[in-house]
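The values are calculated or read from the model by the stated rules, or taken from the named source; none is laboratory data. What you are looking at is a predicted structure, and each value in this text was computed from that prediction instead of being measured. Cβ placement follows ideal geometry from the backbone for every residue including glycine, while neighbour counts extend to all protein chains displayed.
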Amino acid sequence: MPEHSVEIGATRIELAVGDIAAQPDIDAVVNAANAQLLPGGGVAGAIHRAAGPGLREECRRLAPISPGEAVMTRGHRLPNAYVIHCLGPVYGVDRPEDQLLAACYRNALAIADRQGLRSVAFPAISTGAFGYPLERATEVAISSVLATVERLKSVRTVRFVLAGEEALRVHDEVLRRLLAR
């Protein structure tokens, strides 16, 4: 499934084009959530549609969340045991957006690691309706993951599930550039 991958210590970072709600080999998928953890468009809509109404009911007790925060629910009808919901920053509104976006990735990985999960799949958080420029968001995302993976005890696969070939190209270029440093 992954189109590009690299090993960082004991963890594999994968890049793939696909549907975040269709990752059957992953323990937890990450939802690019809204503050109320409600179904919406994009990633949140896809995850909620696939998971069914039980996810919305479980989310109701956890909302609202703040930018950078992450919470976990069961996966319900998804092929994944869990969903980690992260509220990314709205670009140009929530400040400092780079730090809040980095916190999404760090907090999601910390939750997965504490739970003993082995694999996590992320969308490109905040790059859709929240307006974060793709390349800048990718640099924050991959830098955050690279800074975190060596401290993880259980997570062995981090997959970025991307909406198209352009996002894949940008993620691949940024990953290669950051690894070359």
Practice task
Would you mind stating whether Ile142 is in contact with a Gly (Cβ under 8 Å, 6 or more places away or on another chain) and either surrounded by fewer than 19 Cβ atoms within 10 Å (Cβ to Cβ) or within 19 Å of Leu175 (Cβ to Cβ) (or both)?
Solution key: no
Practice task
Might you let me know whether segment 123-134 holds any residue that is surrounded by 15 or more Cβ atoms within 10 Å (Cβ to Cβ), part of a helix (DSSP H, G or I) and out of contact with any Pro (no Cβ under 6 Å at 6 or more places or on another chain)?
Solution key: yes
Handout entry: Contacts under 6 angstrom Cβ, first residue in segment 109-127 being over 10 Å from Val155 (Cα atoms), partner part of a loop (DSSP other than H, G, I, E, B) and among the hydrophobic types (A, V, I, L, M, F, W, C), 6 or more apart
Key = Ala121/Ile26; Pro123/Ile20
Practice task
Would you mention how many residues in segment 47-57 are buried (at least 18 other Cβ atoms within 10 Å of the Cβ) and closer than 14 Å to Ile84 by Cα?
Solution key: 4
Practice task
Determine whether Val71 is within 21 Å of Thr138 (Cα to Cα), under 16 Å from the mean Cα position of the chain (by Cα) and not in a loop (DSSP other than H, G, I, E, B).
Solution key: no
Practice task
Mind listing whichever residues of segment 60-70 are hydrophobic (A, V, I, L, M, F, W, C) and surrounded by fewer than 21 Cβ atoms within 10 Å (Cβ to Cβ)?
Solution key: Leu62, Ala63, Ile65
Completion exercise
Expected output for segment 1-23 (first residue closer than 12 Å to Glu165 by Cβ and in contact (Cβ under 8 Å) with a residue 24 or more places away in the chain, partner of a type in the set (Phe, Trp, Tyr) and in a strand (DSSP E or B), Cβ below 8 Å, 6+ apart or cross-chain) is Leu15/Phe160; Ala16/Phe160
Problem - Members of segment 74-96 found to be crowded, with 16+ Cβ neighbours inside 10 Å and over 22 Å from Val149 (Cα atoms), listed by number - result: Gly75, His76, Leu78, Pro89, Val90, Tyr91, Asp94
Completion exercise
Expected single match for among the hydrophobic types (A, V, I, L, M, F, W, C), without any contact (Cβ under 8 Å) to a residue 40 or more places away in the chain and either at positive phi or in a loop (DSSP other than H, G, I, E, B) (or both) among Val93, Val155, Val170 is Val93
Exercise for the section: Please tell me if Asp113 is over 15 Å from the mean Cα position of the chain (by Cα), at pLDDT 95 or above and among the charged types (D, E, K, R). Expected result: no
